[in-house]
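A short write-up of the structure that comes next.
The values are calculated or read from the model by the stated rules, or taken from the named source; none is laboratory data. Please read these numbers as outputs of a predicted model, since none were measured by experiment. No Cβ is skipped: glycine too gets one built from the backbone with ideal geometry, and neighbour counts run over all protein chains shown.
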Amino acid sequence: MLSVRLVRLIEDHAEELTRGLLDDLMTNARTPAYHKLSHAELHHRTYDVYRHLGQWLGHTTDESIEATYRDLGKRRFAEGIRLSEVVYALTLAKYHLREFIRTRGLVDSAMELYQEQELQRLVGRFFDRAIYYTIRGYESVAAQRETAAAT
């Protein structure tokens, strides 16, 4: 059973979460290519995940996640960003969200603790799928380029 209150708390603080992640991405030594990307584009994508978390977590199939994150992988390849940086950026997004849940969950009972743990599990699952499909999108463009270069 997912805590609607915790999801709403995250969605209501999407801007705060987005700012924290963008600050990290723009200064982190492991994401130097992100320092050059459009702040507006990064803000839009990050904010969308945090603001609509309930919808993302509610997807029973991977279709929407696959389409969105394959596109992200393709876009990051076209921008010349190394795959390791792309994966690390998604990992940072997950870390920021999980830390927010841990510190702001306001757990007052065993049931709420269970709900927080369930939300943590679903967040982990969502980001694992997002990372997988991002890599698939990235690799698909890389494979097309390799094939074109070989012919």
How many residues of the stretch 106-126 are among the hydroxyl-bearing types (S, T, Y) and either in a loop (DSSP other than H, G, I, E, B) or surrounded by 15 or more Cβ atoms within 10 Å (Cβ to Cβ) (or both)? The answer is 1
Exactly one of T91, T103 is under 27 Å from M26 (Cβ atoms), in a helix (DSSP H, G or I), among the polar types (S, T, N, Q) and touching a residue at least 40 places away in the same chain (Cβ under 8 Å), and that one is T91
It is to be established whether one or more residues within the stretch 2-16 are assigned to a helix (DSSP H, G or I), under 18 Å from Y69 (Cβ atoms) and in contact (Cβ under 8 Å) with a residue 12 or more places away in the chain. no
Cβ pairs under 9 Å, 6+ apart or interchain, first in the stretch 129-151 and more than 16 Å from S84 (Cα to Cα), second of a type in the set (S, T, N, Q) and modelled with pLDDT of 95 or more, ordered by first then second residue, are none
Checked the stretch 127-151 for anything among the hydroxyl-bearing types (S, T, Y), part of a helix (DSSP H, G or I) and out of contact with any Lys or Arg (no Cβ under 8 Å at 6 or more places or on another chain); matches are Y132, T147
Considering the stretch 17-54, residues that are in contact with a His (Cβ under 7 Å, 6 or more places away or on another chain) and without any contact (Cβ under 8 Å) to a residue 60 or more places away in the chain, and then whichever is farthest from R102 (Cα to Cα), we arrive at M26
Residues of the stretch 46-56 being out of contact with any Phe, Trp or Tyr (no Cβ under 6 Å at 6 or more places or on another chain) and either surrounded by 17 or more Cβ atoms within 10 Å (Cβ to Cβ) or among the β-branched types (V, I, T) (or both), in sequence order, are T46, Y47, V49, Y50, R51, L53
Flagged in the stretch 20-31 as part of a helix (DSSP H, G or I) and either surrounded by 14 or more Cβ atoms within 10 Å (Cβ to Cβ) or among the hydroxyl-bearing types (S, T, Y) (or both), in numbering order, are G20, L21, L22, D24, L25, M26, T27
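Taking the stretch 69-88 only, how many residues are assigned to a helix (DSSP H, G or I) and more than 26 Å from E116 (Cα to Cα)? Write out each step before concluding.
Here is the first cut: in the stretch 69-88, the residues assigned to a helix (DSSP H, G or I) are 69-78, 83-88.
So of that shortlist, the ones also more than 26 Å from E116 (Cα to Cα) come out as 70-78, 83-86.
The qualifying residues number 13.
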